[in-house]
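Note sheet for the following structure.
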Amino acid sequence: MPKRRDILAIVLIVLPWTLLITVWHQSTIAPLLAIRKERLAVRHHRLSDDGVDGKREAGGQAQDSKEYCASDRDIVEVVRTEYVYTRPPPWSDVLPTIHIITPTYSRPVQKAELTRLANTFLHVPNLHWILVEDSQRRTPLVTRLLRETGLNYTHLNVETPRNYKLRGDTRDPRIPRGTMQRNLALRWLRETFNANSSQAGIVYFADDDNTYSLELFEEMRSTRKVSVWPVAFVGGLRYESPKVNAAGKVYGWKTVFDPHRPFAIDMAGFAINLRLILFKPQAYFKLRGVKGGYQESSLLRELVTLNDLEPKAANCTKVLVWHTRTEKPVLVNEGKKGFTDPNVEI
Amino acid sequence: MATRMKLKLKTVFVLYFMVSLLGLVYALMQLGGQHCDCREHMSVITQLREELRRLQEQLKKSGATKLPPKLPAKPSLPTIYVITPTYARLVQKAELTRLSQTFLHVPNLHWIVVEDSPHKTPLVSDLLFKSGLTYTHLHMLTAKDRKLQEGDPSWLKPRGVEQRNEALRWLREDRRVQPGGDRQQGVVYFADDDNTYSVQIFEEMRSTQRVSVWPVGLVGGMKFESPVVEGGKVVRFHTGWRPSRPFPMDMAGFSVSLKLVLANPEACFDGEAPMGFLESSFLQGLVTMDELEPKADNCSKVLVWHTRTEKPKMKREEALQAQGLGSDPAVEV
């Protein structure tokens, strides 16, 4: 009997302590776990270098049958790569991520354009570059370039079907260049981010030949729905700009070219909050039947009204982005067979 | 005595049990009330976010741009003096902006910007001031008869000659005033404001002893022009246009050590030289072909591109200005 009592006593002593310790241990770990899970949702963990490259998905485009050709010939290869941080500023847990969507295509100046764009982006904290190539598969040039920059990136590709492209690179009025690529990036964002998660993000469409000041990225970070600002060298003007009234609301567009468009603004003149993109999963750039200059409107009208627009850049009085275009280099001396060593990458 | 002891022990046990039970309950409450804790944290987070927003607004108001501090100067690295002639036109601010964004990645870089203008313009002064770079702002007006007119093809007259010479003059004067062994350490590079530079090219040129060379992309009517290297020495030049020039290279394809520039105070660019001979006019007195140092992996990689920016179409702007309704000139573009 006393033995049993002793045992009981010992149990009664030890039990609450063990319970206490386990409970206390759990309580300190639990908040850390919560943060970890959030981080995983944003970034894919840095995998080992020997080539676990990401998942590959090849599939038809059932959900986008409206936008894309109904035939199954349009197969989209979505390749995801993991994020790598080296030279950019350290990742902040407070700043919203800026997701920059850049469509690009192969031509002689491509590497130069992407190089100087990367040099700009390397100054911006919490930047995620989504580069979408207009090609059948990811090119080694772009793959290598992205890896060497040390930026946080995602490399995608989708080829604009040949029957939509005119010969040469004159602009095809039927399908604006970069549309399919931008839409793919939007789709990727919707597949990667959960609408319910608290990930703060801003989406910006940056073409690879424009020039961006660093101030612009800080202006767009506080976007709640859609923010707008002036853009230089578009519409045949020094700059185009939204018209802002004394109350700080956008009421019109200071443009000469069709100012009555729903959103008379260039692709580089607005940024969208990621939440809005996720909240309206059907909003894409319209692929066909879009008049020149109406592409931006085709997306924005599904997301916001004029009243919701937030003017930035000191109430749209400063120019922080320039729609520069790079001359096509004259390669006369290459001749028919090519004079220079084709193995040297430019 | 035994019973009293037993009693004491019993009370001790009971007390101990109660205390630990209370402690357990408290801990359970802590765990259960975790959300409360989170809420506290959340409110702190929102407070901090508000603070951050307020501070950002303040910063914006004070006009400071959110640039990272420029790279600290490392005394052991030779300084790269980048000489950029520039002139006022629509795309000038954009070009200088993206150029400065590249230069910010290069440690120990000193940017010498020379405007083709009778005086320093506020646009360039402000840009340089806010850039975060170490810089010198000069100006030198090109004589009217030497200047390209509207509608002239770009190859008609050499550009930037007076400005580069002015920069060389300043550099020589500045070094003369500040003598000292390590003040002679440096590299001079002529960087036009519309080209594209990778960050690597600056590290390649830093080790220049006399004159170093490398390929340049998208120039001379070809994908790239390049010195041809055999046995670690430059033997000839791969170019599609006038390869018989002494140095058939582009301005962006070579850099000169500061020592050499200072040792040859007469060496400068000859504005009268025939088209394409501008670089040769400078390099001829300084170095011979076999003294050239090939960089960029024995001149096999392209790390700089001779890009050119289109002139933006201003038809509508001009039409508006004719009506007196042009865009606000106070808004700097």
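The values are calculated or read from the model by the stated rules, or taken from the named source; none is laboratory data. Since the structure is predicted, the reported quantities are computational estimates derived from the model, not experimental observations. Every residue, glycine as well, gets a Cβ built from its backbone with ideal geometry; the counts of neighbours run over all protein chains shown. For the accessible areas, the whole protein counts, side chains as well, though only heavy atoms, and no ligand, DNA or RNA atoms are used. Shrake-Rupley method; radii C 1.70, N 1.55, O 1.52, S 1.80 Å.
Among the helices (runs of 4 or more DSSP H) contained in the stretch A:260-334, which hold 1 or more residues that are more than 22 Å from A:Val234 (Cβ to Cβ) and either away from chain B (no Cβ under 14 Å) or free of Cβ contacts under 8 Å to residues at least 40 places away in the same chain (or both)? Break it down stepwise before answering.
Numbers: elements: A:274-279, A:295-300, A:313-316.
Counting at least 1 such residues, we get A:274-279.
Remark: pairs (first residue in the stretch B:288-313, touching a residue at least 24 places away in the same chain (Cβ under 8 Å) and more than 14 Å from chain A (Cβ to nearest Cβ); second residue open to solvent by less than 10 Å² (accessible area, probe 1.4 Å) and polar (S, T, N, Q); Cβ separation under 6 Å; 6+ apart in sequence or on different chains) = B:Glu293/B:Ser212; B:Lys295/B:Ser212.
There is at least one residue in the stretch B:156-165 that is outside any helix (DSSP H, G or I), closer than 25 Å to B:Asn264 by Cα, touching a strand residue (DSSP E or B) at 6+ places or on another chain (Cβ under 9 Å) and touching a residue at least 24 places away in the same chain (Cβ under 8 Å).
Mind checking whether some residue in the stretch B:276-284 is closer than 29 Å to A:Arg107 by Cβ, more than 14 Å from chain A (Cβ to nearest Cβ) and open to solvent by less than 50 Å² (accessible area, probe 1.4 Å)? Taking every residue of the stretch B:276-284 in turn, at least one turns out to be closer than 29 Å to A:Arg107 by Cβ, more than 14 Å from chain A (Cβ to nearest Cβ) and open to solvent by less than 50 Å² (accessible area, probe 1.4 Å). Quick one: in the stretch A:292-325, of everything that is open to solvent by less than 20 Å² (accessible area, probe 1.4 Å) and of a type in the set (Val, Ile, Thr), which residue is nearest to A:Arg116 (Cα to Cα)? For the stretch A:292-325, the residue satisfying everything is A:Thr324. Against the list (1) within 17 Å of B:Gly132 (Cβ to Cβ); (2) in a loop (DSSP other than H, G, I, E, B); (3) at pLDDT 75 or above, the condition B:Ser76 fails is (1).
Let's see how each residue does on (1) in contact with a strand residue (DSSP E or B) (Cβ under 8 Å, 6 or more places away or on another chain); (2) within 24 Å of B:Glu162 (Cβ to Cβ):
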{"position": "B:Val216", "(1), (2)": "yes, yes"}
{"position": "B:Lys223", "(1), (2)": "yes, no"}
{"position": "B:Glu230", "(1), (2)": "no, no"}
{"position": "B:Ala263", "(1), (2)": "no, yes"}
{"position": "B:Gly271", "(1), (2)": "no, yes"}
{"position": "B:Gly285", "(1), (2)": "no, yes"}
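Can you tell me which residues in the stretch B:301-320 are out of contact with any helix residue (DSSP H, G or I) (no Cβ under 7 Å at 6 or more places or on another chain) and surrounded by 15 or more Cβ atoms within 10 Å (Cβ to Cβ)?
Residues of the stretch B:301-320 out of contact with any helix residue (DSSP H, G or I) (no Cβ under 7 Å at 6 or more places or on another chain): B:301-302, B:308, B:310-320.
Scanning the stretch B:301-320 gives B:Lys301, B:Val302, B:Arg308, B:Pro312, B:Met314, B:Arg316, B:Glu317, B:Leu320.
So, in the stretch B:174-227, of the ones that are closer than 16 Å to B:Lys301 by Cβ, β-branched (Val, Ile, Thr) and surrounded by 20 or more Cβ atoms within 10 Å (Cβ to Cβ), which residue ends up nearest to the other protein chains (Cβ to nearest Cβ)? Looking at the filtered set, the residue picked out is B:Thr196.
If you filter the stretch B:94-118 down to residues that are away from chain A (no Cβ under 14 Å) and under 15 Å from the mean Cα position of the chain (by Cα), you find that the one that is farthest from B:Glu310 (Cα to Cα) is B:Asn108.
Determine whether B:Val91 is in contact with a strand residue (DSSP E or B) (Cβ under 6 Å, 6 or more places away or on another chain) and either on the phi > 0 side of the Ramachandran plot or within 14 Å of chain A (Cβ to nearest Cβ) (or both).
Against the criterion (in contact with a strand residue (DSSP E or B) (Cβ under 6 Å, 6 or more places away or on another chain) and either on the phi > 0 side of the Ramachandran plot or within 14 Å of chain A (Cβ to nearest Cβ) (or both)), B:Val91 qualifies.
Based on what the data block shows, is A:Thr340 surrounded by 19 or more Cβ atoms within 10 Å (Cβ to Cβ), within 30 Å of B:Val228 (Cα to Cα) and among the β-branched types (Val, Ile, Thr)? Step through it out loud before you land on a result.
Numbers: surrounded by 19 or more Cβ atoms within 10 Å (Cβ to Cβ): yes; within 30 Å of B:Val228 (Cα to Cα): yes; among the β-branched types (Val, Ile, Thr): yes.
It is true that A:Thr340 is surrounded by 19 or more Cβ atoms within 10 Å (Cβ to Cβ), within 30 Å of B:Val228 (Cα to Cα) and among the β-branched types (Val, Ile, Thr).
Going by what's in this entry, would B:Ala273 be described as touching a residue at least 60 places away in the same chain (Cβ under 8 Å) and open to solvent by less than 10 Å² (accessible area, probe 1.4 Å)? No. Here the condition is being farther than 21 Å from B:Trp214 by Cα, in a loop (DSSP other than H, G, I, E, B) and of a type in the set (Lys, Arg); of B:Lys301, B:Lys313, it holds for B:Lys313 alone. Within the stretch A:13-24, how many residues turn out to be within 7 Å of chain B (Cβ to nearest Cβ) and either open to solvent by 70 Å² or more (accessible area, probe 1.4 Å) or farther than 15 Å from B:Val19 by Cβ (or both)? Of the residues in that region, 4 qualify.
Could you please tell me which pairs satisfy a Cβ distance under 9 Å, a separation of 6+ or placement on different chains, a first residue in the stretch A:177-197 that is more than 30 Å from A:Gly293 (Cβ to Cβ), and a second residue that is of a type in the set (Lys, Arg)? As it stands, the answer is A:Thr192/A:Arg80; A:Ala195/A:Arg275, since those pairs meet every condition given.
Residues that are open to solvent by 70 Å² or more (accessible area, probe 1.4 Å) and hydrophobic (A, V, I, L, M, F, W, C) within the stretch A:270-291 comprise just one, A:Phe279.
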